[in-house]
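First the structure, in the form of structure tokens, and then the observations on it.
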Amino acid sequence: MLDAAVRRALADAVGAENVISDPVRLRTYECDGLTGFRQVPALVVLPRDAEAVAAAVRACHEHAVPFVARGAGTGLSGGAVPVADGVVISLQRLRRIVEIDPVDRRAVVQPGVTNLDITRAAAPYGLYYAPDPSSQQVCTIGGNVAENSGGAHCLKYGFTTNHVLALKVVLPDGSMVTLGGDTGEQLGPDLRGVFLGSEGTLGIACEITLRLLRAPETVRTLLADFPSVRAAGEVVSGIVGAGIVPAAVEMMDALAIEAAEKAVHAGYTLDTPAALVVELDGPAAECAEQFEQVKAICERHGCTRLHIASDSAERARIWKGRKAAFAAVGWISPDYIVQDGVVPRTRLAEVLDRIGEMGREAGLRVANVFHAGDGNLHPLVLFDDDAGEAERAEELSRSIAELCVELGGSLSGEHGIGTDKACSMPRMFGEVDLEVMGRLRSAFDPRQLCNPGKLLPTPRLCGERPGPYRPHPLEEAGVIERL
Amino acid sequence: MTTSKTSGRETTGPVLQPADLREAHEALAGSVGQVHVRGGGTADGWADALRPAPVTVDTTRLTGILAYNPADMTVAVRAGTPLADLQRELAGNRQRVAFDAARVRRGATVGGLIATADSGPLALAYGSLRDLVIGATLVLADGTIARTGGHVIKNVAGYDLAKVTHGSYGALGLLAEVVLRLHPVPAASVTVRLPCSLAAAAERAAELASTSLEPVAVEWYGSGVTEGHLLVRLEGTAEGTEARARAVAELLGPGAFTVRGDEADAAWREHADLVDQTGNGAEAAVLRIGCRPSRLPGVLARIDPPGTGVTAGLLTGIATVTVPAEPAGVAVAHTAVTAAGGTSVLRHHPATAELPAWGQAPSAVAVLRALKKELDPDTRLAPGRFGAWFTGNTGGEGAR
């Protein structure tokens, strides 16, 4: 429970009318997009401007109350799960597009603006904001900054971090600073860069300056079916090997296609073992030239059907099928878990074989949808909670993420570590690595009040030991020893 | 580990030359006192001057590729590897690190280029090294070895410590190993050149930015701001690049012409010579500037460089300007940049001159100070590089 002094201080900071304390309304904030982790906060504040955010953080700091920033709550790693007896600072009311500057091709926005609204505001100038997470209609740019969100087109265009020039940040002590600047230049160590993807643990971004890109002259999209996931994977390698950097390369397996077709009828072939969506964009002549190359590579690897989007409506339909795939598995399974892991692209076929085996062993189906160009997998573990399969499904899902690390990849490509994977971090990083990350966190937040319990493993979350001892890869290589 | 007695700089003790991560750890864990970290020595005179230190860790033996799988388009290297050497290896597979800072040709190392936050004309299309580094292994001042990132381009697990090494001038840790994202070498590259003033070039560049012609570099260079050359580089497939080059030449107007191969290389070399003036003229100081592209011509006009060299990235907002090495003039230049909301830092300057190295310190300098304390509590590394940032007195510009 928060004491009365804290409640008063927060009401003073944001205005009493912008404080939620009614238990029923507080329940709205108990989880994010990963609904398995729930915690009702003690209080929610909805500041109306950056100064009020800073005042709220200062109040929390002074009274040593933990706080969690929250955007649209679409995150998939439990990064915005409230802290017991803590405060949620919602950025939903900071949703102003401050400036679209078509000359220097930049946008200045508040954190509660949705990703897609930035592109909508830039479109009249022939500009757009490149990162496009699947949830872009609802997710906020503040959340994208916290998670360093990617999307289907990040193979060519990069992630949020590559598109943020500057951040006005409220630090965990309530002071306000600017990280980054008007260009890619910064003086001294790149704090802007380390803040990006810090999952709300280093402060709250209250104003964000973004790069906008000129919309490409042409976009060409094809949908191709293959007799096996392996053949589709070879096509991806073939495209990259030919020196082509596609705007997007997405793969779906039979189960994912079945679900997507049931949900949105996007024109995918049922029963094909694998389908690839390949999109090229850029100057028209070059796009056409490379598109022919891609078609030839597809045919060389036994493509069974090749469909080229003839206009933007058809292209949108192909993407609708792909982007609907997550939610669509609800049509073929009562419950599911979305996983997010990364492997080096050359190990895609191997990891998919292993996932198939693990699924069979666990007696659970796994649908695969992924960004094949950068090896970012999104296995969907299907299960039935009523049949008591939940625990097995969670176990399988976690094993898949850890398998990605074993194969030289990462625990997360875009959803973040949050609450969900904090206890898996020792699989990817050594104890010392994590300790040094903790020091970085302390430099920003010495009192550990800003989104505590996320990203790094804690004894409370993971048991007394932060995870099983595992030799550091450098130890295994004989490069270092345990000192 | 190789140890030698002198480094040719103001050190009073040993020069340690680790050849691998273990030796890099030993060099820092086993030494006492303040430390200079030195790579290729191509940016010795950048930022604030180092104060003398008893130990130098020299990374010129910390070289070599650790892992390179061309199909994954990533490479892991020891940080002392000269980038030019790495590029030669990668070229065999028609791949590259899409990065072209001028001093690469003088043997700048991967680690040094990251630590100094350097970049070249290609930054317009590919960003700087912070956009291309996907993993790193650092050795902290006490020898602690910390790994960050990984070997895959898409990865959001943990804090990205590599980012804080970018622009750190070695003050937070020694970069021992780096994993880089690679790009394909384009099939064709054509440059369009137009002799013109900076102001005229800026207008053309703004027009170019409103087309879909996708130049990968747009730079102006000249001696002052009135006479010089605009260079626009296009890369891509053979036919498509030629077609776009024609369109760019048409947009730039009468006097524009295309250059390729050796001729293009020579034009870009002239540009690089002005950026990289370290060996040229003991009396001059070189300032690196970043500001909104639309404000850049105005800022450069206010600095009014005396005809010794200007380069301007007209769409990146990054410029290099050579000014006389006297404190008042350099301070005026910093002020002009700060007034336009930009950043400025001294690069080369004569060893004898006492000049304000940094423009206005960042507003988050207190965080930097806290970070320094966490990672290098005894302030061993790179003493002096950031003037008074880490000691608390950052009032005014270029505290020194």
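The values are calculated or read from the model by the stated rules, or taken from the named source; none is laboratory data. All values reported here derive from a predicted model rather than from experimental measurement. Every residue, glycine among them, receives a Cβ derived from its backbone with ideal geometry; neighbour counts consider all protein chains shown. Heads up: the accessible areas ignore ligands, DNA and RNA and are worked out on the full protein's heavy atoms, side chains in. Shrake-Rupley method; radii C 1.70, N 1.55, O 1.52, S 1.80 Å.
Remarks
- Residue that is aliphatic (A, V, I, L, M) and open to solvent by 30 Å² or more (accessible area, probe 1.4 Å), where the choices are A:Ala80, A:Ala123: A:Ala123
- Residue that is nearest to the other protein chains (Cβ to nearest Cβ) [pool: residues in region A:208-224 that are open to solvent by 10 Å² or more (accessible area, probe 1.4 Å) and more than 20 Å from the chain's Cα centre (by Cα)]: A:Glu217
- Members of region A:191-210 found to be on the phi < 0 side of the Ramachandran plot and touching an Asp or Glu at 6+ places or on another chain (Cβ under 9 Å), listed by number: A:Gly193, A:Val194, A:Leu196, A:Ser198, A:Thr201, A:Leu202, A:Cys206, A:Thr209
- Residue in region A:197-207 that is among the acidic types (Asp, Glu), more than 9 Å from chain B (Cβ to nearest Cβ), surrounded by fewer than 24 Cβ atoms within 10 Å (Cβ to Cβ) and in contact with a helix residue (DSSP H, G or I) (Cβ under 7 Å, 6 or more places away or on another chain) present: yes
For (1) within 20 Å of B:Thr144 (Cα to Cα); (2) open to solvent by 10 Å² or more (accessible area, probe 1.4 Å), each residue gets a yes or a no:
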{"site": "B:Arg22", "(1), (2)": "yes, yes"}
{"site": "B:Ala27", "(1), (2)": "yes, no"}
{"site": "B:Gly33", "(1), (2)": "yes, yes"}
{"site": "B:His36", "(1), (2)": "yes, no"}
{"site": "B:Pro52", "(1), (2)": "no, yes"}
{"site": "B:Thr56", "(1), (2)": "yes, no"}
{"site": "B:Leu62", "(1), (2)": "yes, no"}
{"site": "B:Asp85", "(1), (2)": "no, yes"}
{"site": "B:Glu89", "(1), (2)": "no, yes"}
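- Tally of residues being facing chain B (nearest Cβ under 9 Å) and in contact with a Ser or Thr (Cβ under 9 Å, 6 or more places away or on another chain) across region A:159-171: 2
- When the criteria are applied in full, B:Ala43 meets the requirement of being more than 13 Å from chain A (Cβ to nearest Cβ) and among the hydrophobic types (A, V, I, L, M, F, W, C).
- Some residue of region B:106-116 being within 22 Å of B:Leu234 (Cα to Cα) and either outside any strand (DSSP E or B) or touching an Asp or Glu at 6+ places or on another chain (Cβ under 8 Å) (or both): no
- For first residues located in region B:364-391 and over 22 Å from B:Pro54 (Cβ atoms) and facing chain A (nearest Cβ under 7 Å), partners that are open to solvent by 20 Å² or more (accessible area, probe 1.4 Å) and assigned to a helix (DSSP H, G or I) and lie 6+ apart or on another chain with Cβ distances below 6 Å form the pairs B:Glu374/A:Arg439; B:Glu374/A:Ser442.
Residue-by-condition table, conditions (1) closer than 17 Å to A:Glu279 by Cα; (2) part of a strand (DSSP E or B); (3) within 14 Å of chain B (Cβ to nearest Cβ):
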| site | (1), (2), (3) |
| --- | --- |
| A:Gly302 | no, no, no |
| A:Glu314 | yes, no, no |
| A:Arg322 | yes, no, no |
| A:Gly330 | no, no, no |
| A:Arg347 | no, no, yes |
| A:Arg354 | no, no, no |
| A:Glu361 | no, no, no |
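- Candidate set: region A:172-193, residues that are facing chain B (nearest Cβ under 7 Å) and of a type in the set (A, V, I, L, M); chosen: the one farthest from the chain's Cα centre (by Cα): A:Leu187
- Unique match (being within 18 Å of B:Leu138 (Cα to Cα), at pLDDT 90 or above and either more than 10 Å from chain B (Cβ to nearest Cβ) or in a helix (DSSP H, G or I) (or both)) among A:Val432, A:Val405: A:Val432
- Out of B:Leu16, B:Leu66, B:Leu28, B:Leu90, sole residue that is outside any loop (DSSP other than H, G, I, E, B) and more than 14 Å from chain A (Cβ to nearest Cβ): B:Leu16
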